[in-house]
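This report concerns only the one structure given below.
Throughout, read-outs are computed from the coordinates displayed, never taken from laboratory work. Worth saying up front: this structure is predicted, and the values here are computed from it rather than measured. Note that each Cβ is placed from the backbone with ideal geometry, even for glycine, and that neighbours are counted across all protein chains shown.
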Amino acid sequence: MKKDNCCFLTAQEKEEIQNIEKHLSVITAKGSPVRYQKGHVIFYEGHSPAGFYILKKGDVQLNRTNMEGTKVILPQEADKIFGLFHLLTNTAYCATAQAKTDAEVLFIPKSVVLDFLQHHW
């Protein structure tokens, strides 16, 4: 799996993400597939995370505005994890995720991740 590249990570956050990725099959078993039509927004920049996502089919892009006010587009490919950084750091999403084509993602709710961390950390 490729990691969320939206923001910088501390050593502890990297360790938490690595721990979750080691047990991803346990966590994703409790996820739900969600389909989005082209143009649909999956989450908005500035919103609090309700979970994280793994792109399974289609194309998703993360759109954000950098410090200079320039819009940055970060394409996501299959099996890309996105939104995990913000979930673990309890920070707002730093980008808007939008389906560039019809897409299917696996959504893993925040409660699943928190339950996992409580029992395995």
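Odds and ends about this structure:
- Each Lys and Arg adds +1 at its Cβ and each Asp and Glu adds -1 at its Cβ; summed about the Cα centre, region 11-120 shows a dipole of about 280 debye.
- Neighbour cut-off at most 11 other Cβ (10 Å), DSSP loop, chymotrypsin sites (Phe, Trp or Tyr not before Pro), region 11-51: none
- Note: region 28-71, Cα convex hull, 98 Å³ per residue.
- Counting 0.36 nm for each residue step from Lys14 to Asn90 and taking away their Cα separation leaves a gain of 25.9 nm.
- Its residues counted as N, region 11-120 yields a C-alpha radius of gyration over 2.2 N^0.38 Å of 1.05.
- For region 11-120, the residue among Ile27, Gly58, Ser111 whose Cα projects farthest onto the positive side of the dipole built from Cβ charges is Gly58.
- Loop GluC sites (Glu not before Pro), region 16-121, which have at most 16 other Cβ atoms in a 10 Å radius of their Cβ (DSSP): Glu45, Glu68, Glu77
- Cα→Cβ-extended label distance, 7 Å offset, between Lys100 and Asn63, nm: 1.3
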